[in-house]
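Colleague: Have a look at this one before I ask anything.
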Amino acid sequence: MTSPAPTLALVQAGRRLAGRAVVRDLDLELARGEVLGLLGVNGAGKTTTLRMIAGVLAPTSGSVRLGGEDLYEHPELARRRIGYLPETPPLHVELDAEEYLRFCARLHGVARGAVTTAVARAIERCELGEMRRRPLGTLSKGYRQRVGVAQAIVHEPELIVLDEPASGFDPVQALRLRELVRGLGREHAVVLSTHVLPDVSACCDRVAILHRGELRHAGEVHASATTSLRVGVARALRADDWRALPMVVAAEPLDLGHWRVELAPGSAIDAFAAAVVAHGFGLTALGADALPLESTFLAIAASDAPAAVA
Ligand SMILES: Nc1ncnc2c1ncn2[C@@H]1O[C@H](COP(=O)(O)OP(=O)(O)OP(=O)(O)O)[C@@H](O)[C@H]1O
């Protein structure tokens with residue numbers, strides 16, 4: 001039996017703009033139930049990639065496939081089965097959120113009788129209830145962005161593509177957005193471009209890092225998180241003190257009372273915590289260290305040497 005085609009597949013996809021190869025030879029796959037974070041410095045090619053994935057920009061080489069079907073041989077797929085939040089949401093300022101979302105739902109092929117329920121669900125998920133009757137032109141940037149997310153999900157698409165969705169959000173809204181994206185990722189395939197590394201750690205299963213139009217890194221967000229920990233201790237320690245714990249392969253101080261500790265692959269975190277306590281270090285905090293993603297990103301951003309694709 002052949003396995004089903006992934007929700008999204010980029011096969012050697014590339015795009016030239018103004019005579020220049022802006023994105024080259026991208027190979028990526030994404031299944032329903034996964035959230036992919038697309039990272040890259042300004043100009044890396046994220047928006048161009050998202051536009052190809054969303055079906056609004058044709059690749060000039062390779063292909064983009066939705067459930068195994070070429071998006072450019074079947075352009076109607078994008079309208080019904082993909083939801084896209086571009087950098088600037090295409091809002092009709094004179095409409096209110098409810099009217100606009102009804103319009104979007106119909107445009108994306110939601111049956112007339114199902115529109116009211118679909119719009120109510122999108123309004124609830126994006127917490128737009130209080131604002132649903134206000135003309136879009138009078139909403140704050142954060143609320144307009146929420147309406148932009150709502151139009152991308154109102155038709156329950158298989159694939160949701162979000163370009164910088166947290167742009168204009170205050171910190172509370174940004175945290176809520178993380179929860180929303182995680183929730184969407186349980187039922188859909190989600191691609192999210194962002195500059196915010198903690199957003200990727202918090203709500204993505206996988207990460208792809210673009211640099212100068214090439215995929216420089218692709219892998220699991222949490223693949224190495226269990227071996228790199230941020231540990232708080234009450235006792236003043238030297239790096240050598242950590243050698244007493246058999247599972248520790250490296251330790252470096254971060255600030256007074258905090259260490260980054262690398263564990264040998266396969267080490268159990270509860271055994272490590274027990275050892276820290278048994279040695280009387282005075283454990284005050286223990287958490288996953290976000291550094292692997294951050295250091296990978298910074299190394300790629302700083303260097304033009306090709307890096308491994310995991
Ligand atoms: N229409 C266009 N014509 C020519 N070049 C373009 C066009 N659109 C984008 N580019 C170039 O392609 C490259 C990638 O742009 P893109 O917007 O995809 O990057 P990005 O990673 O999304 O950047 P940012 O984080 O700043 O939004 C940039 O060098 C940009 O100048």
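The values are calculated or read from the model by the stated rules, or taken from the named source; none is laboratory data. Only a predicted model underlies this, so the values are computations on that prediction, with no experimental measurement involved. Cβ sites come from the backbone with ideal geometry, for glycine too, and all protein chains shown count toward neighbours. What goes into the accessible areas is simple: the full protein's heavy atoms, side chains included, and nothing from ligands, DNA or RNA. Shrake-Rupley method; radii C 1.70, N 1.55, O 1.52, S 1.80 Å.
Colleague: Rounded to the nearest 0.05, what FRET efficiency is calculated for R121 and R230 with R0 set to 35 Å and r the Cβ-Cβ distance?
Modeller: 0.35
Colleague: What's the magnitude of the charge dipole for the chain around its Cα centre, counting Lys and Arg as +1 and Asp and Glu as -1 at the beta-carbon? Answer in Debye, nearest 20.
Modeller: Approximately 640 debye in magnitude.
Colleague: Could you check what % of the DSSP bridge pairs in the chain are antiparallel, to the nearest 5?
Modeller: So the antiparallel bridges amount to about 70 percent of the total.
Colleague: Can you find, among L197, A251, G62, the residue sitting farthest towards the positive end of the charge dipole of the chain, where Lys and Arg contribute +1 and Asp and Glu -1 at Cβ?
Modeller: Farthest towards the positive end: G62.
Colleague: So how tilted is helix 115-125 from the main axis of the chain? Cα-based, degrees 0 to 90, rounded to 10.
Modeller: 30
Colleague: Something else now. Give the long-range amide H neighbours of H211: residues separated by 5 or more places, or on another chain, with amide H under 5 Å away, using H modelled in the peptide plane at 1.01 Å from N.
Modeller: Answer set, sorted by chain and number: R216.
Colleague: Pairs of alpha-carbon atoms within less than 8 angstrom and 6+ residues apart define the contacts here; what relative contact order does the chain have, in percent? All intermediate terms of the calculation are to be shown ahead of the outcome.
Modeller: On the way: 600 pairs, mean separation 61.3, N = 310.
RCO, the chain: 20 percent.
Colleague: Please give the solvent-accessible surface of H258 in Å², to the nearest 10, using a probe radius of 1.4 Å with every protein chain present.
Modeller: Using a 1.4 Å probe on the heavy atoms, I get roughly 50 Å².
Colleague: Counting each DSSP H run of 4 or more residues in the chain as -39500 (n - 2.57), what helix-only mean residue ellipticity at 222 nm follows after dividing by all residues, to the nearest 500 deg cm²/dmol? Write down the numbers at each step before the final one.
Modeller: Details: 9 runs with 95 residues, N = 310.
Estimated from H runs of four or more residues: -9000 deg cm²/dmol.
Colleague: Let me ask another. Based on Cβ point charges of +1 for Lys and Arg and -1 for Asp and Glu, what charge dipole magnitude is obtained for region 228-289 about its Cα centre, in debye rounded to the nearest 20? The partial results should precede the final answer.
Modeller: Details: 5 positive and 7 negative charges, 21 e Å.
So the magnitude is around 100 debye.
Colleague: With a 1.4 Å probe and all protein chains kept in place, how do V233, V172 rank by accessible area, largest first?
Modeller: From most accessible down to least: V172, V233.
Colleague: Would you mind getting the accessible area per residue of the chain, heavy atoms of the protein chains only, 1.4 Å probe, in Å²?
Modeller: On the way: 14970 Å² over 310 residues.
On a per-residue basis, the chain sits at 48 Å².
Colleague: Compare A202, A285, A122 in a GNM of the chain, Cα atoms joined below 10 Å, and give the one with the largest fluctuation.
Modeller: A285
Colleague: Can you tell me the convex hull volume per residue for region 228-289, based on C-alpha atoms, in Å³ to the nearest whole number? Intermediate values should be presented prior to the final figure.
Modeller: Values: hull volume 4.3 nm³, N = 62.
Each residue corresponds to 69 Å³ of Cα convex hull volume.
Colleague: What is the ratio of the Cα radius of gyration of the chain to 2.2 N^0.38 Å, with N the residue count, to two decimals?
Modeller: Taking N as the residue count of the chain, the ratio is 1.14.
Colleague: Apply the Karplus parameterisation 6.51 cos²θ - 1.76 cosθ + 1.60, with θ equal to phi minus 60°, to every residue of region 19-35 and state each ³J(HN,Hα) to the nearest whole Hz, in sequence, with x for glycine and proline.
Modeller: Per residue, the Karplus-derived 3J(HN,Hα) values read x, 10, 6, 7, 9, 10, 6, 7, 10, 8, 10, 8, 10, 4, x, 10, 10 Hz.
Colleague: Mean-square fluctuation check for the chain, GNM, Cα pairs under 10 Å: which of H222, H279, H155 is largest?
Modeller: Of the options given, H279 has the highest mean-square fluctuation.
Colleague: While we're here: Please list 3J(HN,Hα) in residue order for region 68-80, calculated via the Karplus relation 6.51 cos²θ - 1.76 cosθ + 1.60 where θ = phi - 60°; whole Hz, with x for glycine and proline.
Modeller: Once rounded to whole Hz, the list reads x, 9, 5, 5, 8, 8, 10, x, 5, 4, 4, 5, 8.
Colleague: Where Lys and Arg each count +1 and Asp and Glu each count -1, what net charge lies around K46 among other residues with Cβ under 10 Å from its Cβ?
Modeller: For residues surrounding K46, the net value is -2.
Colleague: Go ahead and set up a Gaussian network model of the chain, Cα springs under 10 Å, then flag whichever of L57, L26, L36 fluctuates most.
Modeller: Among L57, L26, L36, the largest GNM mean-square fluctuation belongs to L57.
Colleague: So what are the ³J(HN,Hα) numbers for region 168-175, from phi and the Karplus equation (6.51, -1.76, 1.60; θ = phi - 60°), rounded to whole Hz, Gly and Pro as x?
Modeller: x, 7, 7, x, 5, 4, 5, 5
Colleague: Here is a follow-up. So how far, in whole Å, is the C-alpha centre of region 1-64 from the one of region 165-239?
Modeller: So the two Cα centres are separated by 20 Å.
Colleague: Give the long-range amide H neighbours of L162: residues separated by 5 or more places, or on another chain, with amide H under 5 Å away, using H modelled in the peptide plane at 1.01 Å from N.
Modeller: Here the answer is L85, V191, L192, S193, since their amide H atoms fall under 5 Å of that of L162.
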